[in-house]
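Reading through the structure tokens given below for one structure.
The values are calculated or read from the model by the stated rules, or taken from the named source; none is laboratory data. Note that the structure is predicted; figures quoted are calculated from it, not measured. Methodologically, a virtual Cβ is constructed for each residue, glycine included, from the backbone with ideal geometry; neighbour enumeration extends over all protein chains shown. Surface accessibility is based on the protein's heavy atoms, side chains included, excluding ligands, DNA and RNA. Shrake-Rupley method; radii C 1.70, N 1.55, O 1.52, S 1.80 Å.
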Amino acid sequence: MNEPLTLLLLGFAILILVFVLVKPESGIISLLLKNKNANQKTLLEDALKFIYNCEYNKINCTLNSIAGNLNISADAAAGIVAKLQNMGLIQVDRDYLTLTSEGKSYALRVIRVHRLWEKFLADETSMTEKDWHKAAEEIEHKLSVEETEKLAAQIGNPVFDPHGDPIPTAEGELPEKAGKHLTEMKPGEIATIIHIEDEPHAIYSQILAEGLYPGMQIRMIEVNDRRVKFEANGEECILSPLIAKSITIGPIKFEKPVEGKLKTLSHLKVGEKGVVLGIAKSLRGQQRRRLMDLGIVPGTEIEAELESISGDPVAYRVRGATIALRKDQADKIYLVKEEEKN
Amino acid sequence: MINDNCVNCPAHNLSNLKKLGIDMSSFDYVVALAGNPNTGKSTVFNYLTGLKQHTGNWPGKTVTRAEGGFEYNGKKFKLVDLPGTYSLLSTSVDEEVARDFILFGQPDVTVIVIDATRVERNLNLVLQILEITDRVVICLNLMDEARRNKIEVDARTLSKELGVPVVPTAARQGEGMNELLKYIYEVATGAYVCKPYRIKSRSKELNEAIDKLSKEIQQEFPNLPNTRWVALRLLEGDQNIINAIRNGELGNLNVQKIVELQEA
Amino acid sequence: MEKILDQREKIISEANKFRWELGENLHDILMENIYENAAEIAKKAVKYPDKEIAFSFDRTLDKILTSKYLGFPLMFIMLGVVFWLTIQGSNYPSGLLSNLLVDTIHPVLRSFAANIGFPWWLSGVLIDGAYLSMAWVVSVMLPPMAIFFPLYTLLEDFGYLPRVAFNMDPLYKKVGAHGRQALTMAMGFGCNAAGVIATRVIDSPRERLIAIITNNFSLCNGRWPTQILIATVFIGSAVPAYLAGIVSAAAVVFIAVLGIIFSLLVSWFLSRSLLKGEASAFSLELPPYRPPRVLQTLYTSLIDRTIFVLWRAVVFSVPAGMLIWLVANVTIDGVSLANHFIQYVNPIAFVFGLNGVIFLAYIIAIPANEIVIPTILMLTVANLGIQGVGAGSGVMFELESSADVAAILQAGGWTILTGINLMLFSLLHNPCSTTIFTIYKETRSWKWTLVSTFLPIAMGLTITFFVTQIWRLVTN
């Protein structure tokens, strides 16, 4: 038994076994957990959520669309609809499905958890945009009411999720849908992105790849059947109308409108000065609040003072203090352009 | 406890202080010590309390709390060191502890230690605290550093602007500490009445929201001295404020002085 | 009553409506407003001199300390001097304390106990166990800490340490950590418990947890002597005499560097797996330089750090000392508990290239790494039944010459492989109980305390296992 070669092989075998078991995403343990999740309750809640979204967006909802959305057979969908009807959560009027008031508040509860969790992941963790939705899809079926309220309190009772969707209150209040599609804009018009639809995933990830996020300023350049061309925070961007439909825009409320490519803080060389125009909305949560607490707000004069040995981070002089920022942070702080300063 | 006519009575909220774990049995006044990190706050704390201090945690939190005592003019003061923060508006536990202590504990005096070489940045915290309480003494610390770097800070102008006493100090050398004590005493006893600066906002939407909310809060809790701050915190979704409105705890705060709303 | 509640709920829901209307920008607008006000007030009250005069000293110093060519050499020189002063400076006072507490007071206590008629087991538990282990911890821990902490605090006070974090940040950024972790690691070379407390300077929760969990990979003061002794005995003696000193020193440095590499690797792993879901925010202020106040520093670093850590260690060492004495003296069927355990565990330990004595020593000497070697020596002697060495069963001891240590260990069946594995295991094993307790105090989480405790053990066992098998394959 104490033969080194045997032991060595055994050791490797154990290492590989452990790896296969606990590997995130595709490991055996996480697969087992995932299968357990795909149960009846999840399907019921997903169906409710889908019907709610249809109503919110004023689309008719049918049995077939449910089957398609949940990726199940028509028979299975019929079973779920029957069950929901029995529970008094939905009404079936000919082919169209609508929520009862109980059904609506149930759906809003699930949506509240989903959006709160996305907000939590976006603000407080280092998970990337494309993982928020997936994680929230799982958690929305698990969190109890108490846990949800505790989470909400902990992250400051947010009212919008990171995609720009309003978060229902614990009492089930939700504002009317606002804004219009990006494709409805006219050339020359200025607006802000207020919402990016995160489903279907294929379209959402294309929007992410363009670096678009809620809070960006849009200046429309060209819009027709083939393409939508616009400036987002000064960067030119072209989308197909199909994709552009997933983006909702609204009027600019607080910021000054900007034109052309924006200069970022990271472009300042040591000794150069600039005035902060704003912080990109993609810098969220604690990160964002910290920068503002340190005095990096619109109108702040900022000077690159000192480079570290490798050139990143760089120390900036802000309101009398010297603060080191990493390059990826400085990339997200926009400066007022030279000619506009005076 | 509540006595509107008693000018130099302690203003702190005994029952809330008890909840916050502060024992006032052998003290006349409670003084909170706030300030940004790196302003020499702990030097000021050590100077004022000497060896009469002990450390523990805030109830239910992992945030360290140091408290100590000192005597001045025959009155006994308890000094509570709040966590060093840049702001009071974020969701971090440190900031929650600090703002809830000032709001609910209603200390007789809040001493804010600021760095004379970085006045502008430190004013962020000062202006926020002045929204919560008007019993403030500002300790303009690190004056030695400012002098070394040829930065001139006019304490008198600052005091006039902010409406509260501003005491230039260099706590390391003990400079100005007696004057600091004198002002703490005067504010605590009501001999010095502060007229704190209120944040002026140019944003119409924000002003409207704050005004509307604070009027409603005022109606519900007529004694509340700082409705503007409460409205602001509501707009930021502060759970402790929501709870305090729900259970009416806000109504139990002592009348300190009704503060007028101010608009720009 | 109902009406009042309605009114209150109305206020809350009103606030919510405003929030939806105002959108996400409320906080931004507010901060902008406050700073606008602040700037206005500051403009009236503060006068800055021309840029060149303000902070000119700081600017010049910063230019030097963060310059391409001088930055790193200056940093290494400064830290090197601190460590050299600590190691060299603590030799003499350590010897003095050990002379007093172990060699002088211990026998006095013993004879005193014998005179007033203590039963042998009572004086064993109290004096040979509790007192001796406490005396040992104090004499080996106090001097290095009393030198290291004030020096560290002086650099901190002066304002140099944030510059180190500033320069080291790229390395830590790559592994998902905060530049300040360089500082807590440096502190960890003094003492891991103090290193864990020092992570308070990292204000981002995720990066702070990473720094706490990986602090144990900094080879602390308590482990340097073990490394040096084992390297001298086993590695130094395996090469020609004229190379012995340099090779064994290189081996110790290698282990320390290995520790740094592990701490970076584990940081990288944690930030991408377990700690992916924790909050993260980077900011690093470079405060102005301030002339350090020597007396104040001495006082606070002694009270806040040295006494604090030492007290925790002493508290843990007393029960552990009793336990050490008991396992060596309580017998079942005429064989001590220690020997039972050692016989039982030896075959398992063999697989890892270690032995039962080492395993037992690491379990019962958990309060402080400083007492691991004395415990190993005592257990080896007791296990082999060697007469005339040490001071009796269950009494820890140390020997003046490393040749004597070598003789005892070789009699215990140690080879160069055991030596290498012990050096590795001394780096990669659970933190001492003082540190574990401190981790719990700082994180308030059993989960992270357990991870910090067992992750290094798992790594240590894995690595010694593979080293052993490969070594045996190659040497056979």
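Listed values, structure above:
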read-out	value
Links that overshoot a 29 Å alpha carbon limit, given the list B:Lys41/B:Lys150; A:Lys58/B:Lys215; A:Lys229/C:Lys276; A:Lys177/C:Lys10	A:Lys58/B:Lys215; A:Lys229/C:Lys276
At q = 0.14, 0.32 Å⁻¹, base-10 log of I(q)/I(0) for region A:204-250 (Debye sum, equal scatterers on each alpha carbon)	-0.28, -1.55
Full-stretch length increase - C:Ser401, C:Leu337 - with 0.36 nm per residue and alpha-carbon distance subtracted	20.1 nm
Virtual spin-label span in nm between A:Gln40 and C:Ile87, 7 Å along Cα→Cβ	6.9 nm
Gyration tensor (alpha-carbon) shape descriptor, chain A, a/c threshold 1.5	oblate
Positive dipole terminus of region C:310-459, leading residue within C:Ile358, C:Thr449, C:Ala328 (C-beta point charges)	C:Thr449
Isolated Cys residues of chain A, judged by Cβ distance under 4.7 Å to other cysteines	A:Cys237
Projected label distance in nm at C:Val474 and A:Glu189, using a 7 Å step from Cα toward the beta-carbon	7.2 nm
Which listed pairs, of A:Lys134/A:Lys281; A:Lys142/C:Lys441; A:Lys130/A:Lys332; A:Lys41/C:Lys17; B:Lys75/C:Lys44, have C-alpha distances above 26 Å, in listed order	A:Lys142/C:Lys441; A:Lys41/C:Lys17; B:Lys75/C:Lys44
Furthest towards positive pole of dipole, A:Leu33, C:Leu101, A:Gln329, structure part the protein assembly as shown, Cβ charges	C:Leu101
Accessible heavy-atom area order of C:Met78, C:Met378, highest first, probe of 1.4 Å	C:Met78, C:Met378
Inter-site label distance for C:Phe72 and B:Thr157 at 7 Å from Cα along Cβ, in nm	4.7 nm
Chain A - percent relative contact order, Cα under 8 Å, separation 6 or more	10 percent
Relative contact order computed over chain C (Cα-Cα under 8 Å; 6+ residues apart), in percent	17 percent
Anchor A:Lys23: aspartates and glutamates whose Cα lies under 18 Å away (excluding residues fewer than 8 positions away in-chain)	A:Asp131
Per principal axis, descending, Cα span of chain C in whole Å	83, 68, 56
FRET efficiency estimate (nearest 0.05) - Cβ-Cβ, B:His54 to A:Asn71, R0 51 angstrom	0.25
R0 of 45 Å, Cβ-Cβ distance A:Ile29-B:Val193: FRET efficiency to nearest 0.05	0.10
The protein assembly as shown - Kirkwood radius from inverse mean 1/r over Cα pairs (Å)	32.9 Å
Packing rank of B:234-245, A:9-20, where each peptide gets the mean count of other beta carbons within 10 Å, highest leading	B:234-245, A:9-20
Net charge dipole size for chain B [Lys, Arg +1 and Asp, Glu -1 on Cβ; Debye, nearest 20]	280 debye
Charge dipole (debye, nearest 20) of region C:394-476; +1 at Cβ of Lys and Arg, -1 at Cβ of Asp and Glu	480 debye
Within straight-line cross-link reach of C:Lys173, aspartates and glutamates at Cα separation under 13 Å, skipping those fewer than 8 residues along the same chain	A:Asp312, A:Asp328, C:Glu207
Cα centroid of region C:133-148 to Cα centroid of region A:126-193, whole Å	56 Å
Averaged over B:233-242, number of beta-carbon atoms from partner chains that fall within 10 Å	6
Heavy-atom accessible area ranking, 1.4 Å probe, most first, across A:Arg227, C:Arg163	A:Arg227, C:Arg163
Cα-centre dipole for region B:23-167 with unit charges at Cβ (Lys and Arg positive, Asp and Glu negative), debye to 20	300 debye
With DNA, RNA and ligands ignored, accessible area of A:Leu31 (1.4 Å probe; Å², nearest 10)	80 Å²
FRET E, pair C:Val239, A:Ile14, Förster distance 41 Å, beta-carbon r, rounded to 0.05	0.70
Accessible-area ranking of A:Leu212, C:Leu85, largest first, probe 1.4 Å	C:Leu85, A:Leu212
